[in-house]
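A.B. asks: Have a look at the structure that comes next, please.
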Amino acid sequence: MNTILEMRNISKSFPGVKALDNVNLSVTEGEIHAVVGENGAGKSTLMKVLSGVYPHGSYEGEICYCGEERQFRGIHDSERLGIIIIHQELALVPLLSITENIFLGNEQARYGIIDWEYAEKRTRELLKKVGLNEDPATLITHLGVGKQQMIEIAKALSKQVKLLILDEPTASLNEKDSDALLDLLLEFKAQGISSILISHKLNEVEKVADRITVLRDGTTVETLEKEEISDDRIVSSMVGRELSDRYPKRTPKIGETLFEVKDWVVYNQVHPDRQMIKGINLNVRAGEIVGIAGLMGAGRTEFAMSVFGKSYGRRISGEVLLHGRKVDVSTVGKAVENGIAYVTEDRKTYGLNLIDHIKHNVTLANLKGVSSSGVIDDYAELKVANDYRRKTNIRSSNVYQLTGNLSGGNQQKVVLSKWLFAGPELLILDEPTRGIDVGAKYEIYEIINKLANEGKGILVISSEMPELLGICDRIYVMNEGRLVGEMPASEASQEKIMRAIVRAEVRV
Amino acid sequence: MSELATAETKPAKPKQSLSLYSNFRDYGLLMALILIMLFFQSTTDGTLFRPVNLTNLVLQNSYIIIMALGMLLVIVAGHIDLSVGSVAGFIGGLSAVMMVQWHIHYIPAALLCLVAGAVIGAAQGYWVAYHKIPSFIVTLAGMLVFKGLTLALLGGRSIGPFPPQFQLLSSGFIPDFFPGHGIHVTSMLIGVILVGLMIYSSIHRRIKRERHGYEGEPFMLFAGKNLVIGGLALFLCYLMASYKGLPNVLIVMAVLIALFTFVTRHTTIGRRVYAMGGNEKAAKLSGIRTERLTFLTFVNMGVLAALAGLIFAARLNTATPKAGLGFELDVIAAVFIGGASAMGGVGQVMGAVIGAFIMGVMNNGMSIMGINIDWQQVIKGLVLLSAVVFDVYNKNK
């Protein structure tokens, strides 16, 4: 069999982070090749290199496609040769029709005038190929996510695809839609179309993949042949790394139960009939660091935000208790007043005012702490900002630097400072070290440890399992809006967490 | 723009140039205003700075400046209000109906008009804040509605004249307690006291800063700045005192400017407006009730538009259906010339005030020069564009 794609020694760096380090990937014609790895292992980056999103020259190494070395300058170059990538976030325009979406940027036109009849005819053919029976004039917004995913694939087919790349295609699909999509991949395989499938769901990967390449920390671990594939093998290959001393040492001093959530149920913000959080019970004790593990889309962020002032979801029910007393968390203000703080996942969108400086960001959640009868005391505020800048070791020339100009790690320290100054008893940290280099991560862990030693309760949401194992005392595992496992960190391992998730997936 | 900021951005010696630069930016707008004034002073053969003209300049622009204060907050919050001109016109009409036709005493009538302005602002703010209807659309609708209501209220006619006491709001001057000197002594005294207070407080701030261990700007710059601003203020005050003294409306305006400067710089509510304009989601997740805050900025805008409407009606001494036409454009232009960002989160009260004066001086100067109204519009438009282009260019550098 011929090799259609050969990526050799691909390396790609971002400021402060080496995302890919000598990665190799080879795909043969008519093969379904799965790429697996933890979040941040470099899967998406590798695909962006392949599709030309990162143009030739911005990475090292070479790409051989159809027997020739290629230097893609943009996504157009790779698409012309039949490499089509379908991203996790669908790139469809909701208020345009199926036909308009399929031929967007590739209009069936002569002299700039679109031949709609021809376009519609082709759309019907394409829809048939992907097994959809929809009117081509239907607006995208009226289709479910599963069907939208199929439209993306139809769009790829319209471009004479030879190598189809799917990035987490089933992340937001239910089982039926996922199965339909996987069957379609098998059908394409029969027609000689190769696919690269990026997925977290090992059962799916095992079902369709011919070979599996495992990435870890930006390097290729190995490529498994069909007969070598098994859960255990993949999991141990994905996570097999030393925890060594990337996490600061700490002797936990755990006290009474501080924070409890009982029977927490949340419905989807947009589709109020869809249950997102399906009855969660958890607790955090004083001085304890508790982790919530799970895959993307497990509902962890939705859970945290719904607890924090009902910032997410509708029809929320359940109880929140602090020190055994029921507390009102119906608005962010009340949640903060009652001693809950939430450090958001996406600090740029939800955490910081990027056009204002460090000082104003640090005091924002607790302006009362630096003011009396509504008038801010400039010097008190300055003192607070300087104190926290020193405590959390924010690297800037002074507290008047705009937060938009800080590095990711320092931005995160500003967000942490803001919530520390609010004086919480329970701190919820959502992906506290995402997109931060190793050194800054260590500093953030140290801050977390210090808070725990002061007797605060810490709830950490992280998709990086080694991180949870490295810093937590106890770990909950969440999947599809349910807790599917709870274990002391001393007994936990990445394999165990993964198994809890996989078991739940199979059961569902 | 806070002085603390400029002082703090240069902890070490090599950073001195940076402080000069940020000072230049902070005071650049003021310098632009001074240059424009000098330009028109020479092209109008000295007419611009004549006491009577200077007094007129203040009277003509007072209502624009007062509305610019509210508009600044609306724009910093990330919104816009296109209805202010129509609202001002409507309130002017309402005041005329109440005072002239219904013979209500001017004080309760004026207060009722301010309440009406608050209600109008609340009605618009409600849709923007609680239903997330874009402010552009809500206030565009408001603009049409209140333009129409003004016509309906006045029946297409002008109503006047107002009671003489009410006219004093716009055309009156503060009384002179020491008459007979050929110059308005009380006005001059007020000017001297205010400039003295300003210099005293900036010296006080400087000392306090040094006591807290923060190095201030270089002494020469500090002294020069205070002398120039103080001198300019005294000069303008002297010119007005040699005519009829300080206009009542100038006092109203000065109090409001001081109040809004304080609110935006030193209060929690001001800080929250900036945070909301900078990143609404982050502000909300920091416990700020963004809906209520948005609502309040529109209520505030409504009250100020009503006040401007009263001042304008008192100035013309009649309420006409055309009153307020196009005011919103001057007000919004003033705020943007003053350095506010259309994206929200950025803007200063003093900037908006100076922006309004730049527009006002240009109107006045070009009229004296005899430039036609058509070309005046063209030039004003270009000035607005170049001011914002200059700002954006500077920011990206």
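No value in this document is a laboratory result; all are computed from the given coordinates. Because the structure is a prediction, the values reported are computed rather than measured. Virtual Cβ from ideal backbone geometry, glycine too; neighbours counted across all protein chains shown.
A.B. asks: Looking at the stretch A:386-408, which of its residues are out of contact with any strand residue (DSSP E or B) (no Cβ under 6 Å at 6 or more places or on another chain), more than 18 Å from B:Ala282 (Cα to Cα) and not polar (S, T, N, Q)?
C.D. replies: Passing the criteria: A:Asp387, A:Tyr388, A:Arg389, A:Arg390, A:Lys391, A:Ile394, A:Arg395, A:Val399.
A.B. asks: Tell me which of these A:Ser490 doesn't satisfy, since it passes every other one: (1) of a type in the set (Gly, Ala, Ser); (2) surrounded by 19 or more Cβ atoms within 10 Å (Cβ to Cβ); (3) not in a strand (DSSP E or B).
C.D. replies: (2) is the only condition that A:Ser490 fails.
A.B. asks: On to the next question. Could you grab the pairs with beta carbons closer than 9 Å, sequence gap of 6+ or different chains, first residue in the stretch B:259-277 and more than 7 Å from chain A (Cβ to nearest Cβ), second one aromatic (Phe, Trp, Tyr)?
C.D. replies: So the pair list comes out as B:Thr264/B:Tyr274; B:Gly270/B:Phe260; B:Gly270/B:Phe262.
A.B. asks: Moving to a separate point now. Which of the strands (runs of 3 or more DSSP E) found entirely inside the stretch A:44-141 contain at least 1 residues meeting this: under 21 Å from A:Asn22 (Cα atoms), β-branched (Val, Ile, Thr) and touching a residue at least 24 places away in the same chain (Cβ under 8 Å)?
C.D. replies: Numbers: elements: A:60-65, A:68-70, A:83-86.
So the answer is A:60-65.
A.B. asks: Restricting the stretch B:203-228 to residues that are touching a residue at least 60 places away in the same chain (Cβ under 8 Å) and either part of a helix (DSSP H, G or I) or buried (at least 17 other Cβ atoms within 10 Å of the Cβ) (or both), which is nearest to the chain's Cα centre (by Cα)?
C.D. replies: Step one: filter the stretch B:203-228 for residues touching a residue at least 60 places away in the same chain (Cβ under 8 Å), giving B:205, B:209, B:214-218, B:221, B:225.
If we keep only those that are either part of a helix (DSSP H, G or I) or buried (at least 17 other Cβ atoms within 10 Å of the Cβ) (or both) too, we end up with B:205, B:209, B:216-217, B:221, B:225.
Numbers: B:Arg205: 25, B:Arg209: 29, B:Gly216: 29, B:Glu217: 28, B:Leu221: 27, B:Lys225: 22 Å.
Only one residue tops the list, namely B:Lys225.
A.B. asks: If I go through the stretch A:382-402 residue by residue, how many of them are facing chain B (nearest Cβ under 10 Å) and either hydroxyl-bearing (Ser, Thr, Tyr) or within 24 Å of A:Leu459 (Cα to Cα) (or both)?
C.D. replies: Residues meeting the conditions: 2.
A.B. asks: Restricting attention to the stretch B:318-341, does a residue exist that is more than 14 Å from every other protein chain (Cβ to nearest Cβ), in a loop (DSSP other than H, G, I, E, B), loosely packed, with under 15 Cβ neighbours inside 10 Å and of a type in the set (Lys, Arg)?
C.D. replies: Kept after step one, since they are more than 14 Å from every other protein chain (Cβ to nearest Cβ), are these residues of the stretch B:318-341: B:318-338.
Subsequent filtering for residues that are in a loop (DSSP other than H, G, I, E, B) retains B:318, B:320-326, B:338.
Those still in the list that are loosely packed, with under 15 Cβ neighbours inside 10 Å too: B:322, B:326.
Right, trim to of a type in the set (Lys, Arg) and you get B:322.
The answer is yes; a qualifying residue exists.
A.B. asks: Looking at B:Val361, B:Val389, which is the one that is more than 22 Å from A:Leu402 (Cα to Cα), more than 14 Å from chain A (Cβ to nearest Cβ) and not basic (Lys, Arg)? I'd like the intermediate steps shown before the answer.
C.D. replies: Values: B:Val389 fails: more than 22 Å from A:Leu402 (Cα to Cα).
Of the residues listed, the single one that is more than 22 Å from A:Leu402 (Cα to Cα), more than 14 Å from chain A (Cβ to nearest Cβ) and not basic (Lys, Arg) is B:Val361.
A.B. asks: Restricted to the stretch B:284-295, and to residues that are more than 7 Å from chain A (Cβ to nearest Cβ) and among the hydrophobic types (A, V, I, L, M, F, W, C), which residue is farthest from B:Leu59 (Cα to Cα)?
C.D. replies: Looking at the filtered set, the residue picked out is B:Ile288.
A.B. asks: Which of the residues that make up the stretch B:342-369 are assigned to a helix (DSSP H, G or I), of a type outside the set (A, V, I, L, M, F, W, C) and crowded, with 23+ Cβ neighbours inside 10 Å? Spell out the reasoning first.
C.D. replies: Here is the first cut: in the stretch B:342-369, the residues assigned to a helix (DSSP H, G or I) are B:349-369.
When the remaining residues are screened for being of a type outside the set (A, V, I, L, M, F, W, C), the result is B:351, B:355, B:360, B:363-365, B:367.
Across the stretch B:342-369, the qualifying residues are B:Gly351, B:Gly355.
A.B. asks: Within the stretch B:146-190, restricting attention to residues that are polar (S, T, N, Q) and within 23 Å of B:Ala109 (Cβ to Cβ), which residue is surrounded by the most Cβ atoms within 10 Å (Cβ to Cβ)? Show your work before the answer.
C.D. replies: Keep residues of the stretch B:146-190 that are polar (S, T, N, Q), which gives B:150, B:158, B:165, B:167, B:170-171, B:186-187.
Cutting the leftovers down to within 23 Å of B:Ala109 (Cβ to Cβ) gives us B:150, B:158, B:165, B:167, B:170-171.
Working: B:Thr150: 27, B:Ser158: 15, B:Gln165: 13, B:Gln167: 18, B:Ser170: 22, B:Ser171: 15.
Of everything passing the filter in the stretch B:146-190, B:Thr150 is surrounded by the most Cβ atoms within 10 Å (Cβ to Cβ).
A.B. asks: Out of A:Ser407, A:Ser417, report the one residue that is more than 9 Å from every other protein chain (Cβ to nearest Cβ), within 29 Å of the chain's Cα centre (by Cα), touching a residue at least 24 places away in the same chain (Cβ under 8 Å) and surrounded by fewer than 21 Cβ atoms within 10 Å (Cβ to Cβ). Show your work before the answer.
C.D. replies: On the way: A:Ser417 fails: surrounded by fewer than 21 Cβ atoms within 10 Å (Cβ to Cβ).
Answer to the selection: A:Ser407.
A.B. asks: Regarding the stretch A:435-458, can at least one residue be identified that is in contact with an Asp or Glu (Cβ under 7 Å, 6 or more places away or on another chain) and of a type in the set (Phe, Trp, Tyr)?
C.D. replies: no
A.B. asks: Check the stretch B:294-307 and report whether any residue there is touching a Cys at 6+ places or on another chain (Cβ under 9 Å) and of a type outside the set (Ser, Thr, Tyr).
C.D. replies: Checked the stretch B:294-307: at least one residue is touching a Cys at 6+ places or on another chain (Cβ under 9 Å) and of a type outside the set (Ser, Thr, Tyr).
A.B. asks: Tally the residues that are more than 7 Å from every other protein chain (Cβ to nearest Cβ) and either more than 19 Å from A:Val415 (Cβ to Cβ) or in contact with a Pro (Cβ under 6 Å, 6 or more places away or on another chain) (or both), restricting the search to the stretch A:370-381. Give the derivation first.
C.D. replies: Initially, the stretch A:370-381 is screened for residues more than 7 Å from every other protein chain (Cβ to nearest Cβ), giving A:370, A:372-373, A:377, A:380-381.
Pick out the ones that are also either more than 19 Å from A:Val415 (Cβ to Cβ) or in contact with a Pro (Cβ under 6 Å, 6 or more places away or on another chain) (or both) and you get A:372-373, A:377, A:380.
Summing the residues that are more than 7 Å from every other protein chain (Cβ to nearest Cβ) and either more than 19 Å from A:Val415 (Cβ to Cβ) or in contact with a Pro (Cβ under 6 Å, 6 or more places away or on another chain) (or both) in the stretch A:370-381 gives 4.
A.B. asks: Right, here's the next one. Checking the structure you have, find out if any residue of the stretch B:286-296 is more than 23 Å from B:Val74 (Cβ to Cβ), among the polar types (S, T, N, Q) and without any contact (Cβ under 8 Å) to a residue 24 or more places away in the chain.
C.D. replies: The first filter runs over the stretch B:286-296 and keeps only residues more than 23 Å from B:Val74 (Cβ to Cβ), leaving none.
No, the stretch B:286-296 has no match at all.
A.B. asks: Can you find a residue that is without any contact (Cβ under 8 Å) to a residue 24 or more places away in the chain and closer than 27 Å to A:Trp264 by Cα anywhere in the stretch A:464-484? Steps first, please.
C.D. replies: Taking the stretch A:464-484 and keeping what is without any contact (Cβ under 8 Å) to a residue 24 or more places away in the chain, we get A:484.
So of that shortlist, the ones also closer than 27 Å to A:Trp264 by Cα come out as A:484.
Checked the stretch A:464-484: at least one residue is without any contact (Cβ under 8 Å) to a residue 24 or more places away in the chain and closer than 27 Å to A:Trp264 by Cα.
A.B. asks: I've got another one for you. For the stretch A:373-400, give me the residue count where each residue is closer than 17 Å to B:Ala275 by Cβ and in a loop (DSSP other than H, G, I, E, B).
C.D. replies: Matching residues across the stretch A:373-400 total 3.
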